[in-house]
Amino acid sequence: MKKTVRFLLAFLIAFALMMVVRVVGITIYTINGTSLEPSFQVGDRVMVNRWSYGLRVGGKDSFFDYGRIARQNIEKGDLIAFENPQNSDQILICRCSGLPGDSVIHEGQKLIVPSLKDCADSDYYWLESISPDDKVDSHILGFIAEEHIIGRAFMVVYSRNPSEPLWKGWRTDRILLPL
């Protein structure tokens, strides 16, 4: 009986720790689109560090105003996971190509990435996909507010082709692939 209780207690503690790390520290997302091919492939499980730009707190559906604990700067070229501003259930990954204060040329128009001085509560970023075939990025969504940014994608944990049966389609060359 004591062994069973010990096992259950150890299991519950391990589960609670895993949930804290998953919610606060590191999250894994599955790539479903082709917007960042060849860097990402459909079926990649990508690890995202939620602390890379500071931990998000508060926001529009919270009691607290948006903020970041231990805020870090976003750099050009970073692969950023963010919530789609039009559908917060959809997580996207794009490359940062415009920081606050930068000029962006888009379809012959010069756009200025607004900064905190010009906008309400957040800095805004221009995030772009690589593939011209599947563009769900700033070209469609516009400037992305910092409050929608989750963190930096830094590793492909594993990859499996979803169109193959479960026992096939594993991409062994993409296991623990740093980005």
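Structure data summary
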{"quantity": "Matching residues, the stretch 101-146, being open to solvent by less than 50 Å² (accessible area, probe 1.4 Å), closer than 17 Å to Arg68 by Cα and at pLDDT 70 or above", "calculated": "Asp123, Tyr125, Ile144, Ala145, Glu146"}
{"quantity": "Unique residue being farther than 24 Å from Asp137 by Cβ, open to solvent by 90 Å² or more (accessible area, probe 1.4 Å) and either modelled with pLDDT under 80 or in contact with a helix residue (DSSP H, G or I) (Cβ under 7 Å, 6 or more places away or on another chain) (or both) when the list is Phe15, Phe63, Phe7", "calculated": "Phe63"}
{"quantity": "Hits in the stretch 25-53 - residues which are under 28 Å from Asn161 (Cβ atoms), outside any loop (DSSP other than H, G, I, E, B) and open to solvent by less than 60 Å² (accessible area, probe 1.4 Å)", "calculated": "Thr27, Tyr29, Asp44, Arg45, Val46, Met47, Val48, Asn49"}
{"quantity": "Test for Ser97: is it in contact with a Gly (Cβ under 9 Å, 6 or more places away or on another chain), of a type outside the set (A, V, I, L, M) and at pLDDT 75 or above", "calculated": "yes"}
{"quantity": "Odd one out for Arg56, checked against (1) outside any strand (DSSP E or B); (2) over 19 Å from Pro178 (Cβ atoms); (3) open to solvent by 50 Å² or more (accessible area, probe 1.4 Å); (4) not hydroxyl-bearing (Ser, Thr, Tyr)", "calculated": "(1)"}
{"quantity": "Contacts under 7 angstrom Cβ, first residue in the stretch 84-101 being on the phi > 0 side of the Ramachandran plot, partner not in a strand (DSSP E or B), 6 or more apart", "calculated": "Gly101/Val113; Gly101/Ser115"}
{"quantity": "The stretch 66-95: number of residues that are touching a Cys at 6+ places or on another chain (Cβ under 9 Å), open to solvent by 20 Å² or more (accessible area, probe 1.4 Å) and not small (Gly, Ala, Ser)", "calculated": "3"}
{"quantity": "Odd one out for Asp65, checked against (1) out of contact with any Lys or Arg (no Cβ under 6 Å at 6 or more places or on another chain); (2) part of a strand (DSSP E or B)", "calculated": "(2)"}
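The values are calculated or read from the model by the stated rules, or taken from the named source; none is laboratory data. Given the structure is predicted, the values throughout are model-derived calculations rather than measurements. Cβ coordinates were reconstructed from backbone atoms using ideal geometry, including for glycine residues, and neighbour counts include every protein chain displayed. Quick note on the areas: whole protein, heavy atoms, side chains included, nothing else; ligands and nucleic acids left out. Shrake-Rupley method; radii C 1.70, N 1.55, O 1.52, S 1.80 Å.
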